[in-house]
Amino acid sequence: MVKPIFIGGEWRQGRGPVRATYFPADGSLNAEIATASAEDVEEAVQAAERAWRAPEWRNRMPHERAAILYRAADLITRRVDELAALQTRDNGKPLAETRGLVLSAAGTARYFAAACETLDEALPSQRSAEFMTLGVHEPLGVIAAITPWNSPIASEMQKIAPALAGGNAVVLKPADATPLAALALAEIFEEAGLPKGLLSVLPGRGSVVGEALATHPLVRKISFTGGTGTGRHLAHIAAEKLIPTSLELGGKSPTIVFEDADIELAAKGVVYGIFSSSGQACIAGSRLFVHASVYDRFMDRLLQLTRGLRVGHPEQPGVHMGPLINEAHLESVAAFVEQAKAQGGEVLCGGERLTDGDLALGTYFAPTIIAGLTNGSSVCQEEIFGPVLVVLKYEDEAGLLAQANDSVFGLAAGIWSENFRRAWRIGRQLEAGTVWINTYKKFSISAPFGGFKESGLGREKGRLGVLEYMQQKSVYLGLSDTPNPWAE
Ligand code: NAD
């Protein structure tokens, strides 16, 4: 059966072409979905515009908006196993990971519900004999939310929750490969009592549905997570329309192992930082700098741990790495490895597709470590978005910093050192929106997240993240009987 989509609060067949999604572990069919068309975008945006302006939403007290988010969080928590399974089938991540993403989505909904309840809508006032001022925050209107395939439910909730908390309406365009979690979120918000039109979910091609949405005159903000090229294109559209954007883009994050690092801790951290999600993470620690004096010792342990990773069916317990999202992506990862070899890189482990037994049915790629290149090589400068780690040996701190910061990206960085003062000093000099010291890929919803340089614009999360979806207004209240100096 062709799955319906959620347009302006109604479940209907989209008017775009029917698209199939597949389980990357074995290529079996997940679902057939009638995607949205440009007319569906028009309808969804018009419904969103009516819905956010409607007095029943505009006049709703913040705690009443929050109640919907709390209910959605409860419904997500209740359905955690089912939603995790759905996401695993969508993008092939192991169940333990997708479970974490589902719970993180519930946590995000709760957090922004609380932020909404406690947000001071009126800012402190100033008063003179003639007037007093008040500042208020108001919604922006219709928000276009556009998301990638690697962590769907979590990245989608990071946009929907603050946008609704701020009194807006959202039209969500999920990634072509992973629309199922977004459609499940639509069901959840419907059941949580969100008024019709405030959320639409429109699967379909970026160049058709995403483009029609971003360029629509009634869309007042584009909130995008995805590749830097697409982000740059959307920033041009936003500049033309003079509307704000939040852009969460790609990365090529450096991780540094100092000579005083706890080698065991660091090796385990580095392995997790690059190979979890099969490297399909914007924050993957994909460039590794190791001090020359500990290089051999560290690399022995790193290779041992990497060779011990369990790559396998993502529904099986204990699997560390599942398949890559699809054939085209696997080919692009394999091409990067070939490029590295052609540039003189030495593949220390992995470097190829895995086809043993049932792995032949899916798109599995071995965890790969490459050495012998410089930071200027293409695998150090471009985002691979796969299980490929490039290792560089360094001698001194100045050279290290210059190389670590020599990247168009600036999303995250990792530091492994037992010398906290040095770790702090280096951390402050790294050009990255997130720095982890003696840990990696840990998240707190209260810590703002976003990129330096071409890794993005704006920040998501954090208590004030809701203000990214609002605009401030100053109101002057006249207190005197003489409205202007001429009236005296
Ligand atoms: P992508 O840029 O190809 O696609 C992202 C979304 O944009 C999809 O929904 C796609 O359909 C849509 N899109 C594509 N062209 C469009 C257009 N012309 N107009 C409007 N929408 C369009 O990215 P992807 O391959 O899905 O995801 C991988 C990328 O996402 C990586 O670069 C990764 O680093 C990045 N990412 C960043 C973060 C972050 O928080 N910084 C998080 C996850 C992923």
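The set of residues in segment 145-188 that are among the small types (Gly, Ala, Ser), more than 10 Å from the ligand (Cβ to nearest atom) and part of a strand (DSSP E or B) contains only ALA169.
Can you confirm whether segment 326-336 contains a residue that is in a strand (DSSP E or B) and in contact (Cβ under 8 Å) with a residue 40 or more places away in the chain? No: zero hits.
Taking the numbered list (1) within 10 Å of the ligand (Cβ to nearest atom); (2) surrounded by fewer than 24 Cβ atoms within 10 Å (Cβ to Cβ); (3) within 13 Å of GLY414 (Cβ to Cβ) in turn, ALA284 passes all entries but (2).
Consider GLU187 carefully, then state whether it is surrounded by fewer than 23 Cβ atoms within 10 Å (Cβ to Cβ), over 23 Å from PHE449 (Cβ atoms) and assigned by TED's automatic domain parsing to the domain that holds ALA432. So GLU187 fails the test. Taking the criterion of being surrounded by fewer than 16 Cβ atoms within 10 Å (Cβ to Cβ) and in the same structural domain as TYR364 (by TED's automatic domain parsing), would at least one residue in segment 446-460 satisfy it? Scanning segment 446-460, I find no residue that is surrounded by fewer than 16 Cβ atoms within 10 Å (Cβ to Cβ) and in the same structural domain as TYR364 (by TED's automatic domain parsing), so the answer is no. Just to be sure, is THR77 in contact with a helix residue (DSSP H, G or I) (Cβ under 8 Å, 6 or more places away or on another chain), surrounded by fewer than 18 Cβ atoms within 10 Å (Cβ to Cβ) and over 28 Å from SER37 (Cβ atoms)? It is true that THR77 is in contact with a helix residue (DSSP H, G or I) (Cβ under 8 Å, 6 or more places away or on another chain), surrounded by fewer than 18 Cβ atoms within 10 Å (Cβ to Cβ) and over 28 Å from SER37 (Cβ atoms).
Looking across segment 190-247, the residues that are basic (Lys, Arg) and in a helix (DSSP H, G or I) come down to ARG232, LYS241. Determine whether GLY465 is more than 16 Å from the ligand (Cβ to nearest atom) and either assigned to a helix (DSSP H, G or I) or on the phi > 0 side of the Ramachandran plot (or both). Against the criterion (more than 16 Å from the ligand (Cβ to nearest atom) and either assigned to a helix (DSSP H, G or I) or on the phi > 0 side of the Ramachandran plot (or both)), GLY465 does not qualify.
The values are calculated or read from the model by the stated rules, or taken from the named source; none is laboratory data. Everything numeric here is computed off the predicted structure, so don't read it as measured data. Glycine gets a Cβ as well: all are built from the backbone with ideal geometry, and neighbour counts include every protein chain shown.
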